[in-house]
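One structure is given here, and the rest of the page talks about it.
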Amino acid sequence: MQLKESLPVYFENTEIAFRGQSNASLRQSYQLFRVMNSRTLVNMGKNLVNLAFAVRFPVEGIIRNTIYKHFVGGVSIEDCSKTIDRLARCKVDSILDYAQEGEESDEAFDATCREVIRTVEFAANHENVPFSVFKITGVARFDLLAKVSENQSLTDEEQAEYRRVEERVEAIFRKGFELDVPVLVDAEETWIQPVLDDMVMNLMSRYNKEKAIVQNTYQMYRHDSIERIKQHHRMALEGGFKFGLKIVRGAYMEKERNRAAERGYPSPIQPDKPATDKDFDDIIRYFMEHLDSIDFMVATHNEDSSLLLARLIDEYRLPRNHRGIYFSQLYGMSDHITYNLAESGYNVAKYVPYGAVRTMMPYLFRRAEENSSVKGQTSRELKMIRTEIKRRR
């Protein structure tokens, strides 16, 4: 009999995809994605939730038991333990993502820095939490990063503020280095990305001499991403350090296009989805050709790109759990990809955001809007859930 670890991965196996969900949980997921399939209902729900918070209507309980429960791991690191254990039983790792957003004060940035360091310390003691992750805008003021990226002059006060940003970012990576925990930095808007790249590449040169502790993220819907990745890879080779990164398709497309149109500069976004898909898959092939100097994560809900990487791992005769290659999806989405990859022996991790209900609302609104605007994603989720409900009857 052929071992399952040597068989091709098959994403249509809904029994594996949803075996961790009860019948009641599966039906609730189905109803949730049905609502998110309608942009009108999503927009209406967003407005009603904002109104409820404004008038202090007790809506948190409803949110906690519906969309929050589906997409969020818990209110705190400790509260995520059950989620981490449940995923681990299905051979899926977790990446804790502290989802604090929209803060502006040094006090809030310092608090976020301490919390991210706590996730690094937690990961160091939990074999099923192989990475930590953070957004630099979680520890820095957006407008300050924009000024630095655009090479604008800073006041003395702003220079001191920026030094504090650098200290926070380095403190996080230094802790990752001390505890041997790789730390991923999320990609952000193009007009602040230059300073993020400079900061991250500088810290890679310091902490990645033996292992890819510092890891950057690249949004492949940017038409310059392949060029930037190859440039940064050359820097790593010349500097004698390991290049670590994650690729995503991207999260700010409409905002990027609108800003480019308003300010009269060429859009940084690919002309269409096929161009993004091509660059995404082409860079995966590049990573596989340079695996001796690159550790990478492919974070995608796209079946074709996931199958491509899975097939290449087998074609290169690598172990499916090769330490330098990871797949990843968001918690609550694309379980048919996640669980079937894990069952077939590949390294796969869920991004597990956590935080209080109110704190998580921007994240949850994005998930709802994303699913209502990308019909293929929601329809796919609904189809898979419907298939599994029928199979269990």
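The values are calculated or read from the model by the stated rules, or taken from the named source; none is laboratory data. If you're wondering where the values come from, they're calculated on a predicted model, not measured in any experiment. Counting neighbours? That spans all protein chains shown, and the Cβs are built from the backbone with ideal geometry, glycine included. These accessible areas exclude ligands, DNA and RNA; they are computed on the full protein's heavy atoms, side chains included. Shrake-Rupley method; radii C 1.70, N 1.55, O 1.52, S 1.80 Å.
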query = Of all DSSP beta bridges in the chain, what percent run antiparallel (nearest 5)?
reply = 5
ask   = Counting alpha carbon pairs within less than 8 Å and at least 6 residues apart, what relative contact order, in whole percent, applies to segment 163-302?
value = 24
Of T40, T217, T190, the one that fluctuates the most in a GNM where the chain has Cα springs shorter than 10 Å = T40
request  = Give, rounded to the nearest 20 debye, the magnitude of the charge dipole that the chain has about its Cα centre when Lys and Arg contribute +1 at Cβ and Asp and Glu contribute -1 at Cβ.
outcome  = 1920
query = Pulled fully out, how much extra length does the chain show between A356 and A88, if you take 0.36 nm times their separation in residues and subtract their Cα-Cα distance?
reply = 94.1 nm
note = The rounded separation in angstrom of the Cα centers of segment 328-348 and segment 69-132 is 18
ask   = For K147, which lysines qualify as cross-link partners when the Cα separation must be under 21 Å and same-chain residues fewer than eight apart are set aside?
value = K135, K255
key: E60-K209 pseudo-label distance in nm [points 7 Å out on the Cα-to-Cβ vector]   = 4.8
key: Dipole moment magnitude, nearest 20 debye, segment 103-248 about Cα centre, only Lys, Arg, Asp, Glu C-beta charged   = 780
key: Cα gyration tensor shape of segment 5-160, rounded if a/c is under 1.5, else prolate or oblate by comparing a/b with b/c   = oblate
inquiry  = Counting only protein heavy atoms and a 1.4 Å probe, tell me what percentage of the chain's accessible area is made up of carbon and sulfur.
reply    = 50
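Students sometimes get this wrong: rank R320, R174, R39 by accessible area, probe 1.4 Å, all chains present, largest first.
R39, R174, R320
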query = If r is the Cβ-Cβ distance from E227 to R259 and R0 is 30 Å, what FRET efficiency results, to the nearest 0.05?
reply = 0.90
message = Give me the percent relative contact order of the chain, please, defined on Cα pairs under 8 angstrom at least 6 residues apart.
response = 27
Of I192, Q215, Y10, farthest towards positive along the dipole that unit charges on Lys, Arg, Asp, Glu beta carbons give the chain = Y10
remark   = If R0 = 25 Å, then R311 and D272, at their Cβ-Cβ distance, give a FRET efficiency to the nearest 0.05 of 0.50
query = Rounded to the nearest whole Å², what accessible area per residue is found for the chain with the 1.4 Å probe?
reply = 46
task = Add +1 for every Lys or Arg and -1 for every Asp or Glu among the other residues with Cβ under 10 Å from the Cβ of N128, and state the total.
result = -1
key: Shape box of segment 153-251 [Cα atoms, principal axes, largest first, Å]   = 36, 33, 25
remark   = Counting only DSSP loop positions in segment 174-279, the GluC sites (Glu not before Pro) whose Cβ has at most 11 other Cβ atoms within 10 Å are E210
key: Loop-located chymotrypsin sites (Phe, Trp or Tyr not before Pro) in segment 254-339, at most 16 other Cβ atoms within 10 Å (DSSP)   = Y316
